[in-house]
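**Student:** Sharing a structure, written as structure tokens. Questions coming.
The values are calculated or read from the model by the stated rules, or taken from the named source; none is laboratory data. The model shown is predicted, which means the values in this text are computed figures rather than measured ones. Virtual Cβ from ideal backbone geometry, glycine too; neighbours counted across all protein chains shown. Protein only, heavy atoms only, side chains kept; ligands, DNA and RNA dropped before computing areas. Shrake-Rupley method; radii C 1.70, N 1.55, O 1.52, S 1.80 Å.
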Amino acid sequence: MSTTSGTAAPPAGQGGAAPRRAASAAPLDPKEQRRRAWRSRRHHWDVKWSPYAFVAPFFLFFAAFGLFPLLYTGWSALHRVELTDPTHMEWVGMRNFSRLWEDEFFWNALQNTFTIGLISTVPQLLMALGLAHLLNYKLRGSMFFRVAVLTPYATSVAAATLVFVLLFGRDYGMINWALGSIGIDKIDWQNGTWTSQFAVSTIVIWRWTGYNALIYLAAMQAVPHDLYESASLDGASRWQQFIHVTIPSLRPTILFTVVVSTIGATQLFGEPLLFNGSAGATGGGDHQFQTLGLYLYEQGWVNLHLGRASAIAWTMFLILLLIAAANWLVQRRLRKSQ
């Protein structure tokens, strides 16, 4: 039987023609061999070390402006150092820390920080959750509303605080004018304890609610629609879907925003500093809204006690570590419960 052009040729050693031996390449001269070896070595180095080179600038800047100041502050906290002569250090050990336990202004600042943080964080996150739930529906101009809720976050602390100072003014503030129109007497927002803390908290709420709302919105859009369809088939209303489907799905995100907001409240500085400019770092005439950040600033840059300010900074750092540890424990428990 004759073969056709589409039939495969028999393998060598079974009657077919042996394949033609490839022509041997001409040997490379030593110069070309060295060039190719160098290129191969350079490519190997590039693949191996390029990722480290790309991330090196971050670690260099972190070491210069993050790690070194942190370690130097810890070393200064163990000495008596004055800002007028920062190179002269007198070893005092843990004395700067022990003095904080005896300082009533430290405990007052810690209490104010906790109170303002609680007043600002809880309403802020609840409002952000509600806004995110509304923005999660198909609305006309949804992109406009998403940008609008983020606008306060892009506003500077100084500009926002100065506007709120005018709003909370005792004699000519718009809020007192509105309260007076319904028969409520004028409130001295800056000089009262709870009123001043409430006023400072409103600035924080206004600035950060939209930011947290967008975080919640991104998490809501990641929830599978099958869960909502199943709940709808079971007769669940939108409110029931929100409580039993949305909230459980957002637990990790809610925990993240709680931790971040708590850390931000612990470091609160700009809003109380500018809320009553004449009081400066004292946080009011009676220190009624002085936070830990203001207390640190007062000790280091007003009273010039750099060592004591360093001890306050490290105390705040230890508080943040406790918050991070609590976050880790809660996350671990949530994973076990799922």
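**Student:** Taking Gln299, is it buried (at least 18 other Cβ atoms within 10 Å of the Cβ) and either part of a helix (DSSP H, G or I) or in contact with a helix residue (DSSP H, G or I) (Cβ under 6 Å, 6 or more places away or on another chain) (or both)? Explain how you work it out, then say what you get.
**Tutor:** Details: buried (at least 18 other Cβ atoms within 10 Å of the Cβ): yes; either part of a helix (DSSP H, G or I) or in contact with a helix residue (DSSP H, G or I) (Cβ under 6 Å, 6 or more places away or on another chain) (or both): yes.
Spelling it out, Gln299 is indeed buried (at least 18 other Cβ atoms within 10 Å of the Cβ) and either part of a helix (DSSP H, G or I) or in contact with a helix residue (DSSP H, G or I) (Cβ under 6 Å, 6 or more places away or on another chain) (or both).
**Student:** So in the range 83-104, with the set limited to residues that are part of a helix (DSSP H, G or I) and aromatic (Phe, Trp, Tyr), which one is least open to solvent (accessible area, probe 1.4 Å)?
**Tutor:** Phe97
**Student:** Oh, and also: I need the helices (runs of 4 or more DSSP H) fully contained in the range 181-245, keeping only those with at least 3 residues that are under 25 Å from Ser261 (Cβ atoms) and open to solvent by 80 Å² or more (accessible area, probe 1.4 Å).
**Tutor:** 193-221
**Student:** A follow-up question, please. Within the range 23-82, how many residues turn out to be assigned to a loop (DSSP other than H, G, I, E, B), of a type in the set (Gly, Ala, Ser) and either open to solvent by 100 Å² or more (accessible area, probe 1.4 Å) or free of Cβ contacts under 8 Å to residues at least 12 places away in the same chain (or both)?
**Tutor:** 4
**Student:** Also, I was wondering about something else. Kindly indicate the residue of the range 178-215 that is more than 21 Å from Phe145 (Cα to Cα) and of a type in the set (Gly, Ala, Ser) and also nearest to the chain's Cα centre (by Cα) among those meeting that condition.
**Tutor:** This residue is Ser201.
**Student:** Could you please let me know if Leu268 is surrounded by 15 or more Cβ atoms within 10 Å (Cβ to Cβ) and assigned to a loop (DSSP other than H, G, I, E, B)?
**Tutor:** yes
**Student:** Under the condition of being of a type outside the set (Val, Ile, Thr) and in contact with a helix residue (DSSP H, G or I) (Cβ under 9 Å, 6 or more places away or on another chain), which residue from the range 85-94 is modelled with the lowest pLDDT?
**Tutor:** Among residues in the range 85-94 that are of a type outside the set (Val, Ile, Thr) and in contact with a helix residue (DSSP H, G or I) (Cβ under 9 Å, 6 or more places away or on another chain), the one modelled with the lowest pLDDT is Pro86.
**Student:** Search the range 304-332 for residues being of a type outside the set (A, V, I, L, M) and modelled with pLDDT of 90 or more, and hand back the single one that is nearest to the chain's Cα centre (by Cα).
**Tutor:** Step one: list which residues in the range 304-332 are of a type outside the set (A, V, I, L, M), which gives 305, 307-308, 310, 314-315, 317, 327-328, 331-332.
From what is left, the residues that are modelled with pLDDT of 90 or more are 305, 307-308, 310, 314-315, 317.
Working: His305: 30, Gly307: 28, Arg308: 27, Ser310: 23, Trp314: 19, Thr315: 20, Phe317: 15 Å.
Only one residue tops the list, namely Phe317.
**Student:** Still on this structure, please answer the following. So which of Arg251, Arg332, Arg308 ends up being without any contact (Cβ under 8 Å) to a residue 12 or more places away in the chain, charged (D, E, K, R) and open to solvent by 30 Å² or more (accessible area, probe 1.4 Å)?
**Tutor:** Result: Arg332 is the single residue among Arg251, Arg332, Arg308 that is without any contact (Cβ under 8 Å) to a residue 12 or more places away in the chain, charged (D, E, K, R) and open to solvent by 30 Å² or more (accessible area, probe 1.4 Å).
**Student:** If a residue has to be farther than 23 Å from Val200 by Cβ, open to solvent by 20 Å² or more (accessible area, probe 1.4 Å) and modelled with pLDDT of 90 or more to count, how many in the range 105-162 make the cut?
**Tutor:** Count: 0.
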